[in-house]
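Below: one structure, written as structure tokens.
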Amino acid sequence: MNSKKLVLVAISATLCGCSSLQEDLKSKPERMMASCMRQVDASNAKFKAHAMTYMGVPREGLAKVFCERLAVGVADGRITQYDVNELIRTGQLNSKFAFLKG
């Protein structure tokens, strides 16, 4: 598994836990955001470059913006655990993830 997929697995695990994504975001948002940001910060340069280009954000703000936008997408019901699993499996940011662009 490449490091981009490892980051997404970690983010998914952080956002998922044992309950639904939405429930976890409501019950422990600070903890989940901090963990997500650590995982993005630890990702490889190739993933960071791709995400920065896709989202149109600078490197300094990447982790925060990525995790905030991902959390909003989950909370709003734009994406489900299935969608996150597909992103992990394929590594492709499809139209379902267009909200990450801001």
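The values are calculated or read from the model by the stated rules, or taken from the named source; none is laboratory data. Just so we're clear, the structure is a prediction, and the values are computed from it rather than from any experiment. Note that each Cβ is placed from the backbone with ideal geometry, even for glycine, and that neighbours are counted across all protein chains shown.
Which of the residues spanning the range 24-47 are modelled with pLDDT under 80 and of a type in the set (Asp, Glu)?
Residue satisfying the conditions is 24 alone.
Any residue in the range 54-75 that's at positive phi: show its pairings with residues that are of a type outside the set (Asp, Glu) and assigned to a helix (DSSP H, G or I) at Cβ separation under 8 Å, as long as the two are six or more apart or on different chains.
56/101
Among (1) of a type outside the set (D, E, K, R); (2) at pLDDT 75 or above; (3) over 18 Å from residue 93 (Cα atoms), there is one condition residue 18 misses while meeting the rest; what is its number?
(2)
What is the residue count in the range 47-57 for residues that are over 23 Å from residue 29 (Cβ atoms) and touching a helix residue (DSSP H, G or I) at 6+ places or on another chain (Cβ under 7 Å)?
5
Can we say residue 100 is modelled with pLDDT under 80 and part of a helix (DSSP H, G or I)?
For residue 100, the condition - modelled with pLDDT under 80 and part of a helix (DSSP H, G or I) - is not met.
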